[in-house]
Each structure stands twice: as C-alpha cells, then as structure tokens.
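The values are calculated or read from the model by the stated rules, or taken from the named source; none is laboratory data. Fair warning: this is a prediction, and the values are worked out from it, not measured in the lab. Don't worry about glycine lacking a Cβ; one is built from the backbone with ideal geometry, like all the others, and counts go over all protein chains shown.
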Amino acid sequence: MPADGAQPNANTLTACWSCEGAVDPRAPFCHACGVIQPSRPIDHFVRLGMRRAFDIDLAEVERQYFGFQRHFHPDRFANKSSAERAHSLQHATSLNEAYQTLKSPLARAQYLLEILGKPLLDDNAHTIDDPGLLDEAMEMREALADGDAAALRSLSAEAKAKIDVCCKELSAAFATDDLERAHALTLRLTYLSKIAGEAKNRLRQEAG
C-alpha cells in the first residue's frame, strides 16, 4: 500500500511542533494554538473530505479542493515563519495531488486499486494477457497509424464511447468489491485513454 493510502489512527494524537499540544494527525491546524501542522500521509479521499468510491461527485471534488486550498494560500502565510510557509506549501501540494488523482477516472481507478491492495503494476500496464483486449488494442493502434483526419475523428469518438462504457462497468465492479474485474477494466481504460489521447494529438497535428 502506498504511503499516501495509509490511514492514521484517529485515537493516536500527535504533538504540535509549535506549542506541543495534542493534535489529531489528520488536522491541518493545531487545536490549541492554531498553527499550521505538517502535511501528513493520508488517503486522497480523506484529504478532500470525500467518501472512498469510484463514483464521486466531481463538482463536489472541485468545491472541496478550492475550499481547502484557500486555507493554504501563500498570501495567508507571507508574514509567518519559514516553517509555517513550508507546511502550507506541503498542504497545497498534497491537495493538488489528491485533486488531480480523484478528478480523473483512470487515475482514480488506479489509486483505488492501490489502496485496496490490488495495484495495476507498471509491467502489467504494458503487457496484455487478455486476447480480446489485445485484439482491440492492436486494431485501434493500426487505425491510429494509418488513418486520415476523418478516420482519426472516428477513432477518437469510438475511443471516447468505449471509455464511457468502461467507466460505467468500473463503477459496478468497485461497488460490488469485484477487484479482479476492476483490475481488468482499469487496464482496458488505460489503453483506451492512451488511444484517445494520441488520436487527439494526431488531429491537432493534422490541423496544424
């Protein structure tokens, strides 16, 4: 499990670096003196105040992100100590990482698999064991390599449609704790996202 997936024990308090008062390890500010605390490794979902699930409200993710970021804006700490400025930057960076992960269906699925103990390993990300997925990937790669602008637009639309279906299937897999299925679907989503991105880049080149 990655360090960021580690869940601090809510009953284990830490000491404030400034006043040495007791602080919940998930709290960004000391309960006693109000001084900002170091950014500690917590779940991206917890950091943004979201429930841990593949199906999340993206508008709520954005609201939570910008709401939390306001607390750590550099202007708020311009006249603070170097330690406080450093801690605010840590929090802002951690929040940004959480936001970038949760707002992307692919990154969110990959992260969920990691914290649930079935990561999509790098070597698996480049090796397809499923014959059906291999055939699909090869066909789309051939279309990507040989297609003109019209073919690329068609391929892009096809990839986006398949991504939508894949995300719906991922939702069902995670909702039923079918991690084997979620793992296979996340691998497929990885390839579909690559194809969609490359088709989009090719179309930009064609237009340019």
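Take the residues of region 145-163 that are acidic (Asp, Glu) and assigned to a helix (DSSP H, G or I): which is nearest to Tyr191 (Cα to Cα)?
It comes out as Glu158.
Got at least one residue in region 1-13 being at pLDDT below 95, of a type in the set (Val, Ile, Thr), farther than 27 Å from Leu121 by Cβ and touching a Cys at 6+ places or on another chain (Cβ under 6 Å)?
no
Which of (1) modelled with pLDDT of 95 or more; (2) more than 26 Å from Arg47 (Cα to Cα); (3) β-branched (Val, Ile, Thr) does Ile128 not meet, given it meets every other one?
Result: Ile128 fails condition (1) only.
How many of the residues making up region 166-208 are surrounded by fewer than 13 Cβ atoms within 10 Å (Cβ to Cβ) and either among the β-branched types (Val, Ile, Thr) or touching a Pro at 6+ places or on another chain (Cβ under 9 Å) (or both)?
1
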